[in-house]
1. How much length is gained on full extension from residue 8 to residue 67, taking 0.36 nm per residue of separation minus their Cα-Cα distance?
2. Output the relative contact order of the stretch 50-173, whole-number percent, from Cα pairs under 8 angstrom with separation of 6+ residues.
3. Mind giving me the nanometre distance, one decimal, between the label points for residue 139 and residue 113, set 7 Å out from Cα along Cα→Cβ?
4. Normalised by the residues of the stretch 25-104, what does the relative contact order come to in percent, with Cα pairs under 8 Å and at least six apart?
5. So what is the 222 nm mean residue ellipticity for the chain from helices alone, if each DSSP H run of at least 4 adds -39500 (n - 2.57) and you divide by all residues, rounding to the nearest 500 deg cm²/dmol?
6. Once you have all Cα-Cα distances for the stretch 10-109, histogram them in 5 Å bins from zero and send the whole-percent values.
7. For the stretch 66-165, rounded, prolate or oblate, judged on the Cα gyration tensor with a ≥ b ≥ c (square roots of eigenvalues), a/c < 1.5 rounded, else prolate if a/b > b/c?
8. To the nearest whole percent, what portion of all C-alpha pairs in the chain is separated by more than 18 angstrom?
């Protein structure tokens with residue numbers, strides 16, 4: 001995988017959603033089949049020898065990367081959703097946002113193997129609130145997180161410090 005090619009496939013939108021923020025738009029990476037395939041293949045090669053029972057993806061971009069990775073690894077995929085989106089009994093976890101709170105949910109029976117080893121995946125690690133809540137949900141469900149993986153880690157926001165897991169990212173923005 002060519003890191004420069006991955007980085008160059010992400011469009012930067014200045015001053016979005018507000019002044020002073022450079023938004024990293026991954027839709028341009030997603031519509032580049034070669035780069036998207038390279039990212040999935042890179043993650044597969046990293047995790048294929050690890051003892052992983054499930055890939056859990058955070059709503060919604062974690063689904064995009066997590067589902068094909070789970071298929072390649074030959075394991076199940078578990079969605080971690082925003083509140084009210086899952087139809088069965090759930091665990092929930094509320095976390096802080098810049099201006100308020102949000103809540104994630106997971107099905108209580110998401111991991112049929114209660115001692116499951118789980119790979120958590122999302123597109124971006126910023127302040128760590130969302131990923132931290134997702135890890136807590138996985139643990140509430142009786143499983144453990146082998147590693148949390150992200151396409152992009154905004155290192156300057158120190159999100160890794162909130163996570164109770166090892167962290168891997170393809171791109172790091174300092």
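Values quoted throughout were computed directly from the atomic coordinates according to the rules given, and no laboratory measurement underlies them. This one's a predicted model, so the numbers in the text were calculated from it and none came from an experiment. In this analysis, Cβ positions are derived from the backbone assuming ideal geometry, glycine residues included, and neighbour counts consider all displayed protein chains.
1. On the way: separation 59, 0.36 × 59 = 21.24 nm, distance 2.38 nm.
Gain on extension, residue 8 to residue 67, equals 18.9 nm.
2. Details: 276 pairs, mean separation 29.2, N = 124.
Answer for the stretch 50-173 is 24 percent.
3. Placing both labels 7 Å beyond Cα along the Cβ direction yields 2.1 nm.
4. Values: 75 pairs, mean separation 17.1, N = 80.
Computed over the stretch 25-104, the figure is 21 percent.
5. On the way: 5 runs with 50 residues, N = 174.
Using -39500 (n - 2.57) per qualifying helix, the result is -8500 deg cm²/dmol.
6. 2, 11, 15, 17, 17, 17, 14, 5, 1
7. Values: a/c = 1.77, a/b = 1.22, b/c = 1.45.
Verdict is oblate for the stretch 66-165.
8. On the way: 9033 of 15051 pairs.
Tail of P(r) above 18 Å: 60 percent of Cα pairs.
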